[in-house]
Amino acid sequence: MIDRKTFTELMSGVCAPVTVVTATAADGRPHGSTVSSFASLSLDPPLVSFALDRASGLLAHLQPGDRVGVNILGAHQREVASAFARRRGPGSKFDGVTWTVRAGLPYLPESAGWTAGRVERHVDGGDHVLLLVCLEEAESTSAAPLIYARRIFGTHAPLAVAS
């Protein structure tokens with residue numbers, strides 16, 4: 001088995017989308033966290049997946065059957081990604097961030113895309129839990145996406161055509 005340093009160095013070279021996953025607690029407080037493991041899983045039914053650290057405070061609010069929002073961040077939202085990546089008290093990650101409620105979930109209106117659905121199930125993933133989500137609604141824009149690779153934020157650019 002490879003060691004932790006080798007693994008993290010390898011994975012730093014994999015470009016990942018940057019999202020903020022959100023939920024609403026039973027008492028109405030918003031919760032959210034930056035997630036870079038968001039991926040398409042199935043077209044029929046429409047399923048996506050993402051992973052959360054077992055120590056994530058968000059995980060308690062995303063049990064099977066719970067609603068979840070995924071804000072796909074735009075290239076202009078590096079600061080938002082950093083704010084939601086920090087560990088803080090419930091609700092405080094939203095301080096100073098433009099957000100509203102959409103479909104009963106915290107929503108970041110300046111995002112490049114947004115989707116919401118229900119957690120179908122959890123899958124064990126070592127020190128993380130993989131969540132499978134069945135999508136119920138979605139919206140995309142033409143905004144450039146925020147991506148993360150080599151421990152820095154960036155965005156997608158088309159390759160030059162070789163002659």
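State which residue is nearest to residue 143 (Cα to Cα) when the search covers only the range 76-88 and only residues that are open to solvent by 40 Å² or more (accessible area, probe 1.4 Å) and in a loop (DSSP other than H, G, I, E, B).
It comes out as 76.
Mind counting the residues in the range 126-146 that are open to solvent by less than 40 Å² (accessible area, probe 1.4 Å) and either under 17 Å from residue 64 (Cα atoms) or touching a Cys at 6+ places or on another chain (Cβ under 9 Å) (or both)?
5
Within the bounds of the range 1-21, is there any residue that is more than 27 Å from residue 79 (Cβ to Cβ), touching a strand residue (DSSP E or B) at 6+ places or on another chain (Cβ under 9 Å) and either of a type in the set (D, E, K, R) or loosely packed, with under 13 Cβ neighbours inside 10 Å (or both)?
The answer is no, given that none of the residues of the range 1-21 is more than 27 Å from residue 79 (Cβ to Cβ), touching a strand residue (DSSP E or B) at 6+ places or on another chain (Cβ under 9 Å) and either of a type in the set (D, E, K, R) or loosely packed, with under 13 Cβ neighbours inside 10 Å (or both).
From the residues in the range 40-75 that are within 14 Å of residue 118 (Cβ to Cβ) and among the charged types (D, E, K, R), which one is surrounded by the fewest Cβ atoms within 10 Å (Cβ to Cβ)?
The extreme case among them is 66.
Quick check on my filter: what residues within the range 147-161 are among the β-branched types (Val, Ile, Thr) and open to solvent by 70 Å² or more (accessible area, probe 1.4 Å)?
Scanning the range 147-161 gives 152, 161.
Of all residues in the range 22-33, which are open to solvent by 40 Å² or more (accessible area, probe 1.4 Å) and of a type in the set (Ser, Thr, Tyr)?
If the condition is that a residue be open to solvent by 40 Å² or more (accessible area, probe 1.4 Å) and of a type in the set (Ser, Thr, Tyr), then 24 is the only one that fits.
Return yes or no: is residue 115 not in a loop (DSSP other than H, G, I, E, B) and not acidic (Asp, Glu)?
Criteria met by residue 115.
Mind listing just one residue for me: the one in the range 101-124 that is charged (D, E, K, R) and over 16 Å from the mean Cα position of the chain (by Cα) and, of those, most open to solvent (accessible area, probe 1.4 Å)?
The residue in question is 121.
Filter the range 12-30 down to residues that are touching a residue at least 60 places away in the same chain (Cβ under 8 Å) and part of a strand (DSSP E or B) and give me whichever is nearest to the chain's Cα centre (by Cα).
Per the stated criteria, the residue is 20.
The values are calculated or read from the model by the stated rules, or taken from the named source; none is laboratory data. Being a predicted model, the structure only gives us computed values, none of them experimental. Counting neighbours? That spans all protein chains shown, and the Cβs are built from the backbone with ideal geometry, glycine included. Ligands, DNA and RNA are stripped out before the accessible areas are found, and what is left, the full protein with its side chains, is counted by its heavy atoms. Shrake-Rupley method; radii C 1.70, N 1.55, O 1.52, S 1.80 Å.
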